[in-house]
Amino acid sequence: MQDPIVVTGIALNAPFGRTKEDLWSFLARDVRAPKPVDRFPVDGCRVKTAYLHWPAQDTATLYDGTVATARAALQDAGLEPGRRIGFALGSISVADAGEDDTARRDGAVNGLGQHCIGRLGLSGPLVHVMSACTSSAAALFWAKLVLENDDADAMLVGGADRIRAVDFAGFNILRAMDPERSRPFHGRRQGITMGEGACFLVLERLSRATARDTEILAVFAGAGLSCDAHHATAPRCDGLVAAGRQALHSAGLAPSDIGYVNCHGTGTVANDAEESKALRLLFGPHLGSIVAGSTKGFTGHWLGSAGALEAAISIMALRADHAPSMPWLDAGEGILEARQAADPDGPGLRHVMSNSLGFGGNNVSLIFSQPQPETLRRASR
Amino acid sequence: MTSVTPAPAGLLASVDLRFTCERPEQVFRHGEDTPLSQAIDEAVTALLGAGELAEAPDRSAIGVLGASHSGERHIFARISRRFREHGIYAIDPVFFSKTNQFFPVFSACKSGNIVGPSSSLFMSATHSAEILYFALLLIGRGHASHMIAVSYEEDADDAAPDDAEGQPLTGRFCAVLVGPHDQARAGAPILSSCRLGPYLSPGEGRDRDLAALFRHLDDGRHLLLASDRDRDAVARLTGARLVHVAPDRSADDAPRILPSLLRLLGPEAEGGPLGSGGSVHVVPPEKGNVITLRCQLP
């Protein structure tokens with residue numbers, strides 16, 4: 001008997017708010033301008049701006065903010081910390097160059113995850129992923145498998161990162177940042193705008209969520225992972241195609257079932273070009289009927305925690321039956337062959353896909369679906 | 001509850017290699033000519049050969065999992081030093097790209113042209129056996145036919161991190177090929193299921209969590225791979241129901257959990273304390289997830 005994994009809570013810690021409702025209303029507003037970075041020296045940088053959020057650069061702020069966000073997600077799901085609740089985190093913010101290494105506690109990379117599971121009083125499994133910009137999307141993938149194996153009753157999953165000097169310098173040196181603000185999939189795009197924050201989701205098996213009579217935000221229908229095995233920093237489209245096909249297969253869906261794709265869409269020349277190719281290969285003749293786009297033009301690129309944020313966005317799109325637009329694209333300037341807005345006479349959004357790509361050829365594809373009445377009825381028996 | 005019928009799997013091959021990068025620049029590069037990349041290449045080649053995958057044209061069903069406790073600490077230390085001495089723009093962009101990923105996984109994928117599921121997981125203990133759980137999940141759920149699980153640790157050293165310049169880098173990685181049990185050596189253990197959790201920390205809740213874990217044991221044989229401290233605690237809780245297996249130890253007396261588990265369940269295992277099969281419960285030395293593997297010997 002199938003017992004799907006569902007999403008029952010979402011919370012975030014971002015410049016634009018703390019709740020999923022804040023997130024959704026933010027995406028309906030005008031695009032913000034990034035702010036000058038004042039946390040570390042940026043003299044001589046080609047790009048000096050970002051979407052800053054955390055009030056201080058130190059790890060204590062990140063640690064406290066992550067715990068608060070995770071706790072808020074549990075509250076959104078109507079759950080108290082418990083022994084069979086696990087924690088899955090995707091984050092690259094181990095420490096920053098020049099920073100005191102005590103932030104890494106005993107030298108463990110998963111110090112932030114250890115800190116959170118301890119502060120929240122959880123005893124379920126701890127999963128900590130660091131796979132560049134796919135980290136928190138991969139954490140969602142693993143949390144789903146842990147639940148399907150019945151090794152937890154719920155998984156608190158997400159990402160938390162801060163803008164580190166080492167990453168800000170690195171992307172500047174690579175000339176992968178847009179001097180004004182990121183315009184994903186624009187024909188004259190120049191790169192990313194960095195952002196930061198935390199976003200957590202609560203996953204449970206449907207039977208348990210139904211028994212608790214809690215609101216089900218979406219069904220986590222499928223997921224796929226892959227590696228390009230191509231280049232340490234440059235993507236290759238066939239890796240994302242493989243992850244997408246795996247996600248569709250695991251969800252029991254066809255490409256034509258997907259209504260909206262939240263793309264990784266960083267705004268770099270390389271990523272957006274390869275991702276466009278990947279969508280063409282993955283969706284074939286159906287691409288013209290799918291809405292696809294990136295929301296990084298609104299939020300900035302949250303690096304390791306982008307995947308969790310964009311999963312939340314995808315779920316909110318599903319619930320609103322409406323995909324976010326890309327207002328930075330004027331007519332004819334986009335490179336995506338997919339639609340920018342849904343067909344008003346179409347079937348509506350029943351299944352959405354959220355894709356993430358990262359350094360090291362990492363790819364993750366996640367699929368979320370509308371909870372169907374028949375599925376809910378079967379689970380409640 | 002989701003009914004999962006996991007695919008029986010086996011640990012088909014393993015390698016346990018030490019590496020030494022003598023020249024400072026080798027510490028920080030993963031090109032094709034460094035001792036580390038050569039060691040990774042050697043390991044991947046050996047494992048693919050043992051799994052009769054060397055000639056497989058399609059490697060989309062083969063994946064790589066990397067796990068580590070401290071990751072590539074020396075690379076980060078090097079970046080930190082250059083940042084402090086020369087400012088933000090002295091950071092080499094190649095090294096920067098390694099600060100947010102786990103490069104040995106990419107190196108292994110590229111070496112073997114492996115394009116299946118790959119991930120980098122960070123553990124609370126060195127050479128944690130938890131990586132086998134994740135590999136078995138991927139195979140059990142049909143995401144891959146074979147997984148190469150690589151546990152990578154750089155040796156801790158007494159020198160301050162920013163004295164990495166001029167110091168050789170040494171470390172170890174332990175890599176396992178996990179695949180269908182019918183490809184394992186005749187007589188090797190068959191892994192039929194795996195469980196993860198709870199997460200244990202030192203402190204007053206540890207014995208409570210151990211008690212909950214071992215409260216309801218089935219009638220089969222149960223091995224406990226754990227420290228002496230936990231052995232004593234579990235014996236008090238269960239009346240010596242579990243057979244204790246002490247982990248192997250390194251030269252500096254650190255427990256080597258993953259290699260110890262491979263001795264019990266790996267391709268050369270002959271049963272030993274497992275008898276004809278049972279469950280192996282692996283309790284981390286201090287912090288980490290418990291894993292339980294159910295297995296049988298044919």
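Out of the range A:144-165, which residues are part of a helix (DSSP H, G or I) and either under 25 Å from B:Pro93 (Cβ atoms) or facing another protein chain (nearest Cβ under 9 Å) (or both)? Please lay out each step first, then the result.
Initially, the range A:144-165 is screened for residues part of a helix (DSSP H, G or I), giving A:144-148, A:165.
Listed by number, the residues that qualify are A:Leu145, A:Val146, A:Leu147, A:Glu148, A:Ala165.
Pairing residues of the range B:166-182 that are over 19 Å from B:Ser120 (Cα atoms) and outside any strand (DSSP E or B) with residues that are at pLDDT below 85 and polar (S, T, N, Q), at Cβ distances under 9 Å and at least 6 apart in sequence or on separate chains, gives B:Pro168/B:Gln26.
The single condition among (1) in contact (Cβ under 8 Å) with a residue 40 or more places away in the chain; (2) in contact with a Ser or Thr (Cβ under 6 Å, 6 or more places away or on another chain); (3) surrounded by fewer than 21 Cβ atoms within 10 Å (Cβ to Cβ) that A:His286 does not satisfy is (1). Of the residues making up the range B:80-120, those that are more than 7 Å from chain A (Cβ to nearest Cβ), surrounded by fewer than 24 Cβ atoms within 10 Å (Cβ to Cβ), part of a helix (DSSP H, G or I) and of a type outside the set (Lys, Arg) are B:Glu85, B:His86, B:Ala90, B:Val94, B:Phe95, B:Ser111, B:Gly112. Restricting A:Leu357, A:Leu336, A:Leu281 to those that are in contact (Cβ under 8 Å) with a residue 60 or more places away in the chain and over 11 Å from the mean Cα position of the chain (by Cα) reduces the list to A:Leu336. State whether one or more residues within the range A:72-84 are out of contact with any strand residue (DSSP E or B) (no Cβ under 9 Å at 6 or more places or on another chain), in a helix (DSSP H, G or I), aliphatic (A, V, I, L, M) and touching a residue at least 12 places away in the same chain (Cβ under 8 Å). There is no residue in the range A:72-84 that is out of contact with any strand residue (DSSP E or B) (no Cβ under 9 Å at 6 or more places or on another chain), in a helix (DSSP H, G or I), aliphatic (A, V, I, L, M) and touching a residue at least 12 places away in the same chain (Cβ under 8 Å). With respect to being more than 24 Å from A:Asn110 (Cβ to Cβ), surrounded by fewer than 24 Cβ atoms within 10 Å (Cβ to Cβ) and modelled with pLDDT under 95, A:Ile216 falls outside the description. With respect to the conditions (1) touching a Cys at 6+ places or on another chain (Cβ under 6 Å); (2) surrounded by fewer than 24 Cβ atoms within 10 Å (Cβ to Cβ); (3) away from chain B (no Cβ under 13 Å), A:Asn172 falls short on a single one, namely (3). Of the helices (runs of 4 or more DSSP H) entirely within the range A:187-302, those holding at least 3 residues that are within 21 Å of A:Asp161 (Cα to Cα) occupy A:296-299.
So which residues in the range B:85-105 are without any contact (Cβ under 8 Å) to a residue 12 or more places away in the chain and either under 21 Å from B:His69 (Cβ atoms) or touching a Ser or Thr at 6+ places or on another chain (Cβ under 9 Å) (or both), if there are any at all? Before the answer, list the steps.
Residues of the range B:85-105 without any contact (Cβ under 8 Å) to a residue 12 or more places away in the chain: B:85-90, B:93, B:97, B:100.
Of everything in the range B:85-105, those that are without any contact (Cβ under 8 Å) to a residue 12 or more places away in the chain and either under 21 Å from B:His69 (Cβ atoms) or touching a Ser or Thr at 6+ places or on another chain (Cβ under 9 Å) (or both) turn out to be B:Pro93, B:Ser97, B:Asn100.
Listed here are the residues, each with its yes/no results for (1) buried (at least 16 other Cβ atoms within 10 Å of the Cβ); (2) among the hydroxyl-bearing types (Ser, Thr, Tyr).
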{"residue": "A:Val6", "(1), (2)": "yes, no"}
{"residue": "A:Gly9", "(1), (2)": "yes, no"}
{"residue": "A:Ala14", "(1), (2)": "yes, no"}
{"residue": "A:Glu21", "(1), (2)": "no, no"}
{"residue": "A:Ser25", "(1), (2)": "no, yes"}
{"residue": "A:Ala28", "(1), (2)": "no, no"}
{"residue": "A:Ala33", "(1), (2)": "no, no"}
{"residue": "A:Val37", "(1), (2)": "yes, no"}
{"residue": "A:Pro41", "(1), (2)": "no, no"}
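Of all the criteria given as (1) within 7 Å of chain A (Cβ to nearest Cβ); (2) in contact (Cβ under 8 Å) with a residue 60 or more places away in the chain; (3) assigned to a helix (DSSP H, G or I), the one not satisfied by B:Ala77 is (1). For A:Phe168, indicate whether it is more than 22 Å from A:Thr69 (Cα to Cα) and in a helix (DSSP H, G or I). When the stated conditions are applied, A:Phe168 passes them.
Restrict the check to the range A:68-87 and report whether at least one residue is within 8 Å of another protein chain (Cβ to nearest Cβ), at pLDDT below 90 and either out of contact with any Leu (no Cβ under 6 Å at 6 or more places or on another chain) or surrounded by fewer than 21 Cβ atoms within 10 Å (Cβ to Cβ) (or both). For the range A:68-87, residues within 8 Å of another protein chain (Cβ to nearest Cβ), at pLDDT below 90 and either out of contact with any Leu (no Cβ under 6 Å at 6 or more places or on another chain) or surrounded by fewer than 21 Cβ atoms within 10 Å (Cβ to Cβ) (or both): present. What do you reckon, is B:Arg59 in contact (Cβ under 8 Å) with a residue 12 or more places away in the chain and more than 24 Å from A:Asp161 (Cβ to Cβ)? Yes, satisfied. Residue under question is A:Ser93, and the condition is that it be modelled with pLDDT under 95, more than 24 Å from the chain's Cα centre (by Cα) and crowded, with 23+ Cβ neighbours inside 10 Å; does it hold? In short, no. Of the residues making up the range A:226-247, those that are more than 8 Å from every other protein chain (Cβ to nearest Cβ), surrounded by fewer than 24 Cβ atoms within 10 Å (Cβ to Cβ) and aliphatic (A, V, I, L, M) are A:Ala234, A:Val241. Among the numbered conditions (1) surrounded by 24 or more Cβ atoms within 10 Å (Cβ to Cβ); (2) among the hydrophobic types (A, V, I, L, M, F, W, C); (3) more than 26 Å from A:Pro179 (Cβ to Cβ), tell me where A:Leu309 comes up short. It is condition (3) that A:Leu309 fails.
Contact annotation: residue pairs with Cβ atoms under 6 Å, 6 or more positions apart or on different chains, pairing a residue in the range A:1-24 that is more than 25 Å from A:Leu62 (Cβ to Cβ) with a partner that is hydrophobic (A, V, I, L, M, F, W, C) and part of a strand (DSSP E or B), are A:Pro4/A:Val219; A:Ile5/A:Leu203; A:Ile5/A:Phe220; A:Val6/A:Val219; A:Thr8/A:Val202.
The values are calculated or read from the model by the stated rules, or taken from the named source; none is laboratory data. Only a predicted model underlies this, so the values are computations on that prediction, with no experimental measurement involved. Note that we place each Cβ from the backbone using ideal geometry, even for glycine, and neighbour counts take in every protein chain shown.
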